[in-house]
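To start, the structure under review is shown below, and the notes come after it.
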Amino acid sequence: MRLQDKVAIITGAASGIGAGTATVFAEQGARLVLVDRDADGLAATVRGLPIAPEHVVTYAGDVADRETARGADALAGETFGGADILFNNAGVMTSGDFRDVDENAWDDVLNINLRGIYLMCRAVIPGMLARGSGAIVNTSSVMATLTEPGYEAYTTSKAGIIGLTKALAVSYATQGIRVNCICPGWVDTPMNQRLAAELGGLDALTPIILKQQPNGRMLSTREIGNAVAFLASDEASGITGAALYVDGGSSAAI
């Protein structure tokens, strides 16, 4: 119960890593504010949580909209007294020939993946400073540093997350706020399931995973959630400014 009575805001909580991490946080005693633009998905996540109904609330909104950040932070304050933990996980991916990526597609990826983190951090940090403590964990990716053709927008956004994480960690290191990020590899999420479908099915994706991820399988969202819970907990009190690769060995392989 390393997160007992901690209040955590989790973005992108309607599915994938966000939903899996919400389950881990609930099991470890946290009180949750779940954020996503998919209201139905949020409701489904809540139904699956091992948590008392009064210990979880939801906020439907787009993290690229500053009102979502302000609203989620206000909801955490009104319901539970303020956020101790922020897990910035909402993200999208686009791929294809760089020449075919128009400005709207580029902006969408950067706005959700990077601007969303900026807005959420801007909203919660004042309250964390007032309370003298806080833990922020951001979702970057192994593709921040190891990429492949056609992912320029995604890679740029995820590299920016590592930079923002380090900058915030240094800025608030003496004021009780720790800021870290995780860099997942292949994870069993709807995003990767959609990619498998585009490639012709999981059978077509499996050889790519075997080549790129030495453990030879997708990680579960619970495995990612366990890493996030550790970084958010007091057990990681000496860790800030770190990029933790939770990638089945991808970042170590050729």
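Could you pull out every one of the aspartates and glutamates with an alpha carbon less than 20 Å from that of LYS211, ignoring same-chain neighbours closer than 8 positions?
Reachable aspartates and glutamates: GLU148, ASP188, GLU198, ASP203, ASP247.
In square nanometres, what is one fourth of the surface area of the convex hull spanned by the alpha carbons of the stretch 60-156?
Mean shadow area of the hull around the Cα atoms is 6.7 nm².
Relative to the Cα centre, what is the charge dipole magnitude of the chain, using +1 at the beta carbon of each Lys and Arg, -1 at the beta carbon of each Asp and Glu, and rounding to the nearest 20 debye?
Dipole magnitude for the chain comes out near 700 debye.
Once the stretch 152-254 is represented by equal point scatterers at the alpha-carbon sites, with solvent omitted, what log10 I(q)/I(0) does the Debye formula produce at q = 0.13, 0.16, 0.23 Å⁻¹?
Here the Debye-derived log intensity ratios amount to -0.56, -0.80, -1.25.
At 7 Å along the Cα-to-beta-carbon direction for both THR94 and ALA197, put a label point, then send me their distance in nm to one decimal.
Using points 7 Å along Cα→Cβ, the separation is 2.0 nm.
Arrange MET1, MET191 by Cβ neighbour counts within 10 Å, fewest through most, would you?
Sorted ascending by nearby Cβ count, the order is MET1, MET191.
Would you list, by chain and number, the lysines whose Cα falls below 25 Å from the Cα of LYS6, excluding same-chain residues fewer than 8 positions away?
Counting by Cα, and skipping residues close in sequence, LYS6 has these lysines nearby: LYS166.
Return the loop-located trypsin sites (Lys or Arg not before Pro) in the stretch 130-225 (DSSP other than H, G, I, E, B) with at most 15 other Cβ atoms within 10 Å of their own Cβ; answer none if there are none.
Here the trypsin sites (Lys or Arg not before Pro) that fit, given the DSSP loop and packing criteria, are ARG217.
How big is the Kirkwood radius of the stretch 95-151, worked out from every pair of different alpha carbons and given in Å to one decimal?
In the stretch 95-151 this quantity evaluates to 13.7 Å.
Hey, what's the per residue convex hull volume over the C-alpha atoms of the stretch 1-106, in cubic angstrom?
102
Taking 8 Å as the Cα distance limit and 6 or more residues as the minimum spacing, I'd like the relative contact order of the chain as a percentage.
About 20 percent, as a whole number.
Working only with C-alpha atoms, what are the Rg and Dmax values of the stretch 1-44, expressed in angstrom?
Using the Cα atoms of the stretch 1-44, the pair Rg, Dmax is 9.9, 29 Å.
In deg cm²/dmol, rounded to 500, what helix-only [θ] at 222 nm does the chain give when every DSSP H run of at least 4 residues adds -39500 (n - 2.57) and the total is split over its residues?
-14000 deg cm²/dmol
I need two numbers for the chain: Rg to one decimal and Dmax as a whole number, Cα atoms only, in Å.
Expressed in Å, the Cα Rg and Dmax of the chain come to 17.3, 52.
Name the most mobile residue of GLY48, GLY20, GLY200, meaning the one with the largest mean-square fluctuation, in a Gaussian network model of the chain with Cα contacts below 10 Å.
Most flexible of the set in this elastic network: GLY200.
Computed from the coordinates by the stated procedures, all read-outs in this text should not be read as laboratory data. As the structure is a prediction and not an experimental result, all values here were calculated from the model. Reconstructed Cβ throughout: ideal geometry from the backbone, glycine too, with neighbour counts over all protein chains shown.
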